[in-house]
Amino acid sequence: MARRYSVDGQRAVASSAPQTLLGTTGTTAIRLCWYDILLGVSGSPADNAILWYVQRSTAAGTSTAVTPQALDPGDPAATASAGKNHSADPTYTANAILFHLALNQRASHRWVAAPGGELKVPATANNGLGLYPVHASFTGNADATVHFEE
């Protein structure tokens, strides 16, 4: 049975360019996949449409480390690494956007993969997934939690 973990993060949305909120990076020993994503915006609500993306990456970028939390307390520490609030984005794979959602800031959203529809990466060193919100002028905080398995 796969081991399942959770990571969460927050960052200010300040640009129409990708600014990664959360990322996970696998190894040659595991096939990393995301199966549950929770999205929202904290602070004063407004009528902004935030564009949310999940994209494959081939290098982790520079970020604040996040320790994945085992959803089953009997599981060992995660093999995958995770980061939030990136100061240098991961190296995203061109045209490898796996998830794109326009979501009004006043709404929160939960995406759960249908069985077999998880967002996966190969068991290759430094391959991973990154989540980023985009808006041309909104500068509030975006929040997310990702559940993944390995």
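The values are calculated or read from the model by the stated rules, or taken from the named source; none is laboratory data. Because the structure is predicted, anything quoted here is derived from the model rather than measured. Cβ placement follows ideal geometry from the backbone for every residue including glycine, while neighbour counts extend to all protein chains displayed. In case anyone asks, the SASA skips ligands and DNA or RNA and just uses the protein heavy atoms, side chains included. Shrake-Rupley method; radii C 1.70, N 1.55, O 1.52, S 1.80 Å.
Assorted remarks:
- Region 1-20, residues that are outside any loop (DSSP other than H, G, I, E, B) and either in contact with a Lys or Arg (Cβ under 9 Å, 6 or more places away or on another chain) or open to solvent by 40 Å² or more (accessible area, probe 1.4 Å) (or both): 4, 7, 8, 9, 10, 11, 12
- Scanning region 75-83 for residues that are acidic (Asp, Glu), touching a strand residue (DSSP E or B) at 6+ places or on another chain (Cβ under 9 Å) and farther than 17 Å from residue 31 by Cβ turns up nothing.
- Search result, residues across region 96-124 that are open to solvent by 50 Å² or more (accessible area, probe 1.4 Å) and of a type in the set (Phe, Trp, Tyr): 111
Listed here are the residues, each with its yes/no results for (1) open to solvent by 70 Å² or more (accessible area, probe 1.4 Å); (2) out of contact with any Cys (no Cβ under 7 Å at 6 or more places or on another chain); (3) at pLDDT 95 or above.
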| site | (1), (2), (3) |
| --- | --- |
| 22 | no, yes, yes |
| 35 | no, yes, yes |
| 49 | no, yes, no |
| 55 | no, yes, yes |
| 61 | no, yes, no |
| 94 | yes, yes, no |
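- For region 43-60, the criterion of being more than 26 Å from residue 108 (Cα to Cα), without any contact (Cβ under 8 Å) to a residue 24 or more places away in the chain and not acidic (Asp, Glu) is satisfied by no residue at all.
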